[in-house]
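Only one structure is covered here, and it is reproduced in the block below.
The values are calculated or read from the model by the stated rules, or taken from the named source; none is laboratory data. Treat the numbers as computed from the prediction; the structure is a model and nothing was measured. Here Cβ is always computed from backbone atoms with ideal geometry, including for glycine, and neighbour counts include all displayed protein chains.
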Amino acid sequence: MNRLKKILDRKSFSKEDIITMLSLTSDHDIDLICKKANAVLLDHIGSGIYLRGLIEFSNICSCDCYYCGLRKSNKDFERYILKKNDIIAIAINAAKKGFASIVLQSGEIQNEKFTEFVADCVNKIKQITKSDSLPDGLGITLCCGEQSNDVYAKWFDAGAHRYLLRIESSDRKLFEKFHPPGQSYRSRYECLKSLKSIGYQTGTGVIIGLPGQTVDHLTEDIIFFRDMDIDMLGMGPYIHHNNTPLSDYKALWEKNRNDTFLMSMKMIAVSRIVLKDVNIAATTALDAIEVNGRELGVSFGANVLMPLLTPENHRAGYKLYEGKTIIDNIAEDTATFAQKMHEKFERIVIFDKWGDAPHYFNNKIGR
Ligand code: SAH
């Protein structure tokens, strides 16, 4: 398809170009965007895969998102928050294993006690994990939902330097369809602005395959990432959960499963082609709908993996959706995984380096 080749040769892309790329269905065309995404990755970042050990330290949540198993109205499971010393011990162990960065993720809790708790964890982890190979300690990404500017600033001052907050959908109407009236699109958007102005390397993302979502919505999502000048992306497929208001969509979800996975791959590749120097994660949800889903995500242009370091007895409790990874082979044996990535895709897993997105530094002037 000559038209596709012409599009792929461009440096910048129109809305129509993005729609065309996301609408491709033939193996041949999808292979072309996959190859292009890999070429862009090599040009702008390199072949390295960076690891962020994921610690899901609490499933307590004050939100009621219609797709999420942790929503506050789901009373069907036990809530937990890990002890500070346990979180710090996991982080120390991660650093010993060669992880240079961690993600501290939780449900959304907005109170002073939680703010202090997170600040103290971050502070202590930064101090304790300083070493010759990590002179500034572990790189810490936070993913604790919407907070005030002051809270974000406090956590930044404590030493967290990246923050993930998915916009979930950049279309206000679609956002409102999947969130209760108290949770507003505007407020999420303002949080992202606030994170950027504080100086965080800022990550966002969307859920792919939400009922009613179209190629046009996903195209606008990529344009949103570009216009918001985001540094990191974490997108994943929508996955059914039995105890949510979306449970009625189970049959439709099953029916669309393969298409949703393919669209997730296309979203990674096209985001890489359009955004170029941002970090893109191959998220855990990919593994829940396809064997080796994360690996395939990496092969389509992602460069970050988040192996699960949550203690085993709490993994089942952090159930965002059905079939979530509980045994994480990547976390258990990163060395074997690194070898596999090299043999299969000529990609190198990088230990002992934070692996920040070049985009943050390339665009910092003028922020
Ligand atoms: N409280 C934090 C972390 C939320 S969990 C925050 O608000 O950022 C991390 C992500 O899981 C969410 O942003 C959401 O996009 C995703 N998620 C939740 N339920 C899901 C589901 N059923 N299928 C796929 N992804 C889901």
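Some observations on this one:
- Once segment 191-217 is narrowed to residues that are in contact with a strand residue (DSSP E or B) (Cβ under 7 Å, 6 or more places away or on another chain) and hydrophobic (A, V, I, L, M, F, W, C), the residue that is surrounded by the most Cβ atoms within 10 Å (Cβ to Cβ) is 206.
- Residues satisfying the stated conditions in segment 231-254, i.e. more than 30 Å from residue 76 (Cα to Cα) and within 14 Å of the ligand (Cβ to nearest atom): 232, 233
- When 211, 180 are screened for being touching a residue at least 24 places away in the same chain (Cβ under 8 Å), within 12 Å of the ligand (Cβ to nearest atom) and part of a loop (DSSP other than H, G, I, E, B), only 211 passes.
- Subset of segment 308-324 that is within 12 Å of the ligand (Cβ to nearest atom) and buried (at least 18 other Cβ atoms within 10 Å of the Cβ) - its residue that is nearest to residue 54 (Cα to Cα): 318
- Per-region count, segment 127-144, residues part of a loop (DSSP other than H, G, I, E, B) and either closer than 15 Å to residue 162 by Cβ or basic (Lys, Arg) (or both): 5
- Only one entry in 229, 216 is part of a helix (DSSP H, G or I) and either touching a Phe, Trp or Tyr at 6+ places or on another chain (Cβ under 9 Å) or charged (D, E, K, R) (or both), namely 216.
Every residue, every condition in (1) under 13 Å from residue 192 (Cα atoms); (2) away from the ligand (no atom under 16 Å from the Cβ); (3) surrounded by fewer than 22 Cβ atoms within 10 Å (Cβ to Cβ); (4) among the hydroxyl-bearing types (Ser, Thr, Tyr), yes or no:
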{"position": "123", "(1), (2), (3), (4)": "no, yes, yes, no"}
{"position": "147", "(1), (2), (3), (4)": "yes, no, no, no"}
{"position": "157", "(1), (2), (3), (4)": "no, yes, yes, no"}
{"position": "169", "(1), (2), (3), (4)": "no, no, no, yes"}
{"position": "173", "(1), (2), (3), (4)": "no, yes, yes, no"}
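- Selection status of residue 299, over 28 Å from residue 77 (Cα atoms), of a type in the set (Ser, Thr, Tyr) and either in contact with a Phe, Trp or Tyr (Cβ under 9 Å, 6 or more places away or on another chain) or within 16 Å of the ligand (Cβ to nearest atom) (or both): yes
- Listed by first and then second residue, the pairs linking a residue in segment 66-79 that is within 14 Å of the ligand (Cβ to nearest atom) to a residue that is acidic (Asp, Glu) and part of a loop (DSSP other than H, G, I, E, B), with Cβ atoms under 7 Å apart and 6 or more places separating them unless they lie on different chains, are 71/64; 72/64; 73/64.
- Residue within segment 40-54 that is surrounded by 15 or more Cβ atoms within 10 Å (Cβ to Cβ) and part of a loop (DSSP other than H, G, I, E, B) present: yes
- Pairs with Cβ under 6 Å, 6+ apart, first in segment 81-105 and within 15 Å of residue 117 (Cα to Cα) and buried (at least 20 other Cβ atoms within 10 Å of the Cβ), second acidic (Asp, Glu) and modelled with pLDDT of 95 or more: 105/56
- Selection from segment 318-364 of residues that are within 17 Å of residue 161 (Cα to Cα) and either touching a residue at least 12 places away in the same chain (Cβ under 8 Å) or assigned to a helix (DSSP H, G or I) (or both): 352, 353, 354, 355, 356, 357, 358, 359, 360, 361, 362, 363
- Enumeration of residues in segment 297-317 that are over 30 Å from residue 359 (Cβ atoms) and assigned to a helix (DSSP H, G or I): 312, 313, 314, 315
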